[in-house]
């Protein structure tokens with residue numbers, strides 16, 4: 001049996017008395033320092049883009065590459081973490097028989113329960129699961145998170161078309177076609193009575209991948225009924241998806257564990273079905289260790305999941321904080337507009353006021369990291385946006401969990417000829433994130449909803 005090294009970190013951390021390596025001193029490791037034998041594993045999985053090239057990870061959001069792809073960084077034996085959270089299970093790259101599980105949680109979550117991450121994912125993906133009971137000590141919140149991601153990915157895959165592949169089937173009947181199977185024919189049809197044993201290569205929906213999708217849905221329906229019902233109330237299209245998959249897979253058998261079949265373990269390479277590839281990986285994660293911390297016993301690096309919290313926070317701000325107000329949420333691909341600052345040159349502020357481009361517009365950026373007025377790069381970015389839009393207000397929306405943090409503003413010294421007597425203003429707009437140490441998930445959701453309500457009250461006065 002392989003020895004397992006467990007490394008648990010939080011996002012956006014700088015070196016301190018814990019975020020450094022310990023040797024073989026058991027007391028140091030028990031205190032929280034990182035075992036030295038985990039160094040090579042961290043170095044091997046430090047880059048998201050590297051893992052993507054090796055097809056060994058699922059990322060949220062799904063991209064071919066990321067600009068900010070550093071997961072963990074080691075500098076002078078100190079450990080830095082950034083905006084990525086999730087779990088990576090990997091063998092230690094040396095001659096030992098060890099494996100390593102690296103778990104990075106949100107700094108706003110307790111170690112065992114990922115309430116903040118779960119709340120953000122539910123909000124962004126629009127799942128009505130804010131009142132479910134997920135407080136079992138034996139079960140990790142990651143199983144719920146994987147179910148959310150799986151159901152969302154299955155919808156995306158279904159919109160691409162139902163998965164279809166070539167399968168070799170065996171027949172023994174009077175309608176001979178395909179290739180005769182001589183050995184089987186002699187065994188089954190002696191003496192000859194008219195039937196022929198043969199094999200046919202068919203392009204069909206009735207395949208093991210769709211059976212895997214169906215088995216995963218059956219598991220969710222039986223074991224996580226509240227999640228399933230909450231999901232159906234939000235996405236009724238799934239009634240159609242379930243019916244179509246059931247009708248397409250008459251060969252499905254409940255007594256077969258499709259997660260163990262060879263076909264379901266092979267990567268789907270067809271470019272049309274890449275959403276099914278992600279759904280396949282998520283299904284395997286859910287079924288293999290259902291009801292436990294699903295990454296504990298995984299020996300394959302494919303059982304790894306990383307979430308870009310900067311992206312998730314920005315999507316959360318768009319959905320829960322600013323959706324009812326008059327702001328456009330811009331994407332860096334330009335699909336939702338841009339801020340043109342020169343010929344064929346564009347910027348993409350996170351949120352820009354809906355007005356004619358010749359009017360002065362307010363700009364906001366969402367930042368998941370720790371934020372204050374010492375972040376010069378962010379301030380230069382906001383000032384550049386203001387210069388182009390001519391707006392009189394800009395600000396940063398970020399999370400915090402201190403006991404108290406005020407909404408602050410500073411007046412900017414600008415050209416009097418442009419702004420007149422009124423100087424533009426830059427704002428800090430923090431959203432308080434409640435602690436989740438001693439409350440269940442439903443209570444945590446109520447606390448988050450109250451925090452959002454208070455934020456909106458402040459924003460209306462801003």
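Bear in mind these aren't lab numbers, they're just calculated from the coordinates by the rules spelled out. As the structure is a computational prediction, the values presented were derived from the model and not from experiment. Don't worry about glycine lacking a Cβ; one is built from the backbone with ideal geometry, like all the others, and counts go over all protein chains shown.
Placing dummy labels 7 Å off each Cα toward the beta-carbon, the span from residue 240 to residue 387 is 5.0 nm. A protection proxy built from the mean count of other Cβ atoms within 10 Å ranks the segments 153-161, 394-402, 165-173, most packed first, as 394-402, 153-161, 165-173.
If R0 is 60 Å, the Cβ-Cβ spacing of residue 272 and residue 410 corresponds to a FRET efficiency of close to 0.70. Prolate is the label for the stretch 202-268, because the ratio a/c of its alpha-carbon gyration tensor axes (a ≥ b ≥ c) is 1.5 or higher and a/b is greater than b/c. A Förster distance of 35 Å, applied to the separation of the beta-carbon atoms of residue 159 and residue 377, puts the FRET efficiency at 0.35. On the beta carbon distance between residue 452 and residue 195, with R0 = 60 Å, the FRET formula returns roughly 0.30. Taking label points 7 Å from Cα along the Cα-to-Cβ direction, residue 233 and residue 462 give a separation of 3.1 nm. Length gained on full extension, residue 400 to residue 74, computed as 0.36 nm times the residue gap minus the Cα-Cα distance: 114.8 nm. Site pair residue 370 and residue 54 shows an inter-label distance of 3.1 nm when each label is modelled 7 Å from Cα along Cα→Cβ. Taken over the stretch 165-204, the convex hull of the Cα atoms encloses 53 Å³ per residue.
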